[in-house]
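Working notes, structure below.
Throughout, read-outs are computed from the coordinates displayed, never taken from laboratory work. Computed from a prediction, not measured in an experiment: that's the story for all the values here. Cβ coordinates were reconstructed from backbone atoms using ideal geometry, including for glycine residues, and neighbour counts include every protein chain displayed.
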Amino acid sequence: MAAEQLPFHAETGKAALERLGSRPQGLTAAEAARRLAEYGPNRLPEVKPRGPVARFLTQFNNVLIYVLLGAATVTALMAHWVDTGVILAVVLANAVIGFIQEGKAEAAMAGIRSLLAPKAAVLRDGVRVTVQGADLVPGDIVLLEAGDKVPADLRVIEARGLAAQEAILTGESVPVDKDPNPVAADAPLGDRRSMLWSGTLVTQGTAKGLVVATGAQTEIGRIGGLLAGVEQLTTPLVAQMDHFARWLSFLILLIAALLLIYGYFVGHHDFGELFMAVIGVAVAAIPEGLPAVMTITLAIGVQAMARRNAIVRRLPAIEAIGSVSVICTDKTGTLTRNEMVVVAGETPEGAFAVTGDGYAPEGEITPPGDLGRLGRAAALCNDAHLHRRNGHWFVEGDPMEGALLAFAAKAGAAGPEERLDVVPFDSRHRYMAVLSADGVTRVKGAPERVLRMCRDIDYGCWHDRAEAMARQGLRVLAFAERVEGSDEIDAGTLDGGLTFLGLLGLIDPPRPEAIAAVAECRSAGIRVKMITGDHAGTAAAIAAQIGLARPDRVLTGADLDKLDDAELAMEVMDVDVFARTSPEHKLRLVTALQANGLSVAMTGDGVNDAPALKRADAGIAMGLKGSEAAKEAADLVLADDNFASIAAAVREGRTVYDNLKKVISWTLPTNAGESIVIVFAILAGLLLPLSPVMILWVNMITAITLGLALAFEPTEAGTMQRPPRARTAPILSGELVWHVVLVAGLFIAGILAMFNYAQDRGYSLALSQTIAMNTLVVLKTFHLFFIRNIHGTSLTWGAVKGTKVVWIVVIAVTAAQFAITYVPALQVILGTEAVPFWDGILIVAVGAVFFALVEIEKQIRLGLRAGPGGVTKESA
Ligand code: ATP
């Protein structure tokens, strides 16, 4: 054995294979399983999450808790032990609620992350299979193409035009060329061109690489990178409210301090009572629970989207997706099923039709002619494989190529041939060429492109034939070949030197659910635009089947190139179908749409789509056929590549935004109402309608129950019939401010009226306060039911029926109120007295009147907004 072993980058690929006991065909499945047990999963060690104790302790780090702890100290010094006990109970309850909420939110996000776990294409037993990235072991042979993320540290065995972007390791953002040649043993990391590093991105070319290190053994694992940045559960709106709540808290503390000074020196109140009342005001007014409930709302929204196959990568996107006004989508696989079948074709000998379903190599070709050369081209100029499992045929690789393999089998084209060279498909040149061991280069690609490469054909005639097939909605490919003199393809000489073989037409039926989703988007005021690399005729035919608004006008990539940015910004509003585009056009289209003030969602799958995805308001990557590069650039990933999932995400995005708004609309006026009542009483030197301990109680009990219910609200009816909200619309709109004023006013009126009524009847102060407290809770409950339907009426059966969560919390809160009102032991602590039956009925009646008033006010407002023609403000 050699005394010193060369590092992998310095030895030959062959030596590396031998050292790791592997072969170019890859490991056997059994050997891979054995190695997985030996080396462990290919995963970076996770950043240790904070322990539960640390998480619990951080709950005490907020303004409200400081105020309460301060208050507990003061009351303890004054030996008001009951008050101290109640305050400490509230502190504890708050911390426990925060702890549980945060845990739930974190678990939701962790669940989402696991959905995005990367996969890798490997050779096992000589067959290409897709495995979880975590299952890679040293010795595995990995196949990579442009857009892939390198799943482990690899020794490059084969490479074609390969380059990788290694910024996460080297800081260098310019891609580095890679090839299998060994480099000097002492070459620095950035110069080891024979290696691909885990976590970096393949920007171009294709490669076959040998796994030499996995998990923590990789370079990125050694520097402990990648996972360090754990995402915060926040969005612009939540951050904004967090900020707002913090400053509001300080303002409230200031007012409370002034109130204390005023009450003591001017109002001559007893300090102990006054102090507790002021604490009550602060607790009632500080919207501390607000950011926490908003976080829960987000977490629930993220989970709801995941259930609908839309995985949120960046949380702010959850707000953005709810506000989109135009969706730019790919065609293949998103609007269509991407289950292709060759149904027609034409060679210089004549046209033919093909029958058969799926990828099964069974079907008829009529009239049967000699399609051997066309069939061989379809089979050999191809990267896909067909497998048979349980009697069904599956494709590994591109479905279109799978369909070509099935066609080749039907045409009786002979089996595989060793490959000498290849020009990979690229959406910019739209063709692919393969040189096989029989010395023939076979080319397939977009007809316009391939026909131009052929000699001795009538270009115009064949071009028309291809157009005619495309107009039927078929995807058309042209095939050609030439005998090669060497064992390399000189791509520069392909043009003009090929022999034309024929055309094939593939159907790719639209997804029925995509048709429904497009209609839903249109009713929601969202324009849907198709941006495809496919032929204009095919694109227009599919656009009509899918139900786009204007399927007839098509702009091609060539047309786009002729327009300057200003012209494009005008045109883009009138056109819904863009064909033969390259990824660069997507970026221009996003920019042009945004220039019109639209909020744009854009889908993408390839490595070159990344800039457009980043630029879009909501970048959406395909989870199945999308490259890792596109996923990294995207805000959302579609688990099923389906357009219907985008519409579902919009719906959920709107729901989350609505719910955030509902949480705010419920909290602010409630807090304002109950605190102003006390402030008013102190300033006016009146009896306190609610005792401070009662205020602490009400805030604690409603925070765990009513306050949380809105986070679980389902989508309101009509959510997808509303036009999109303006991105710039502020959350603290005039309407919300008015709502705060109105509801706070009604709360004050209701509480004071009931308190005074009780006093007039000669009830004791304790009973009067008990009645006022129960009135407050009933008002909060009715307000909750009102808020549930801010866009429609609350007076439908569905609205009254509510959700399970709403009724659970209402029952819980009612039970708690009955307990503290009527259970003697609790009456002692909270200073309550049993409320007579008819007064109880009166309290509920006050709630009902409140509900009627705000509901009528809302209907008037909605009616005014809709205007005489029923036109809404936004769409006008
Ligand atoms: P969409 O944007 O709707 O998803 P697409 O992504 O399939 O469409 P591209 O992949 O850019 O569009 O393909 C554009 C054209 O290139 C196709 O219409 C076809 O003519 C040709 N083409 C696509 N894939 C291949 C391939 N593997 N080999 C040769 N030609 C191809």
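Summary of computed values
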quantity	calculated
Mean Cα-pair separation over length for segment 259-344, i.e. relative contact order, pairs under 8 Å, 6 or more apart, %	12
Mean ellipticity per residue at 222 nm, deg cm²/dmol - from DSSP H runs of n ≥ 4 across the chain, formula -39500 (n - 2.57)	-15500 deg cm²/dmol
Partners for LYS804 among lysines (Cα-Cα distance below 26 Å; same-chain residues under 8 apart left out)	LYS104, LYS661, LYS662, LYS780, LYS858
Base-10 log of normalised Debye intensity for segment 575-639 (one unit scatterer per alpha-carbon) at q = 0.27, 0.28, 0.29 Å⁻¹	-1.13, -1.18, -1.22
20 Å Cα-Cα threshold exceeded, pairs from LYS149/LYS208; LYS331/LYS586; LYS149/LYS586; LYS331/LYS410; LYS119/LYS625; LYS178/LYS614	LYS149/LYS586; LYS331/LYS410; LYS178/LYS614
Per residue, the convex hull volume that the Cα atoms of segment 674-758 enclose (Å³)	151
Rg over Rh [alpha-carbon atoms, Kirkwood Rh] for segment 509-652	0.93
Using distinct alpha-carbon pairs, which all enter the 1/r mean, Kirkwood radius of segment 428-484 in Å	12.0
Crossing angle, helix 29-39 versus the chain [Cα axis fit, 0-90 degrees, rounded to tens]	50
Sorted by Cβ density within 10 Å, fewest first, the residues LYS614, LYS149	LYS614, LYS149
Distance histogram in 10 Å bins (all Cα pairs of segment 639-709, percent per bin)	16, 31, 22, 15, 10, 5, 1
By average C-beta atoms within 10 angstrom, highest first, the peptides 822-828, 785-791	785-791, 822-828
Relative exposure of GLU571, GLU18, GLU632, judged by other C-beta atoms within 10 Å (fewest first)	GLU18, GLU571, GLU632
Stokes-Einstein D in µm²/s, Kirkwood radius over Cα pairs - segment 83-158 at 4 °C with 1.567 mPa s viscosity	79
By average C-beta atoms within 10 angstrom, highest first, the peptides 701-712, 572-583, 772-783, 463-474	772-783, 701-712, 572-583, 463-474
Segment 277-431 shape via C-alpha gyration tensor axes, a/c threshold 1.5	prolate
The chain: angle of helix 399-410 to the longest principal axis, Cα-based, in degrees nearest 10	40
Convex hull (Cα only) mean projected area of segment 133-290, reported in nm² to one decimal	15.0
Directionally averaged shadow of the chain, computed from the convex hull of its alpha-carbon atoms, nm²	45.3
Spin-label pair MET78/LYS14, simplified geometry with 7 Å Cα→Cβ offset, distance in nm	9.1
Relative contact order [Cα under 8 Å, 6+ residues apart], segment 307-361, whole percent	19
Relative contact order of the chain, pairs being alpha-carbon contacts under 8 Å that are 6 or more residues apart, as %	12
Range of Cα positions in segment 805-857 per principal axis (Å), largest first	42, 28, 16
Estimated Rh, segment 592-727: Kirkwood, alpha-carbon pairs, angstrom	18.6
For segment 379-514, convex hull of alpha carbons as volume per residue, Å³	132
Globularity index of segment 65-194, i.e. its alpha-carbon radius of gyration over 2.2 N^0.38 Å	2.02
Cα-Cα pairs of segment 198-328 separated by more than 18 Å (percent)	73
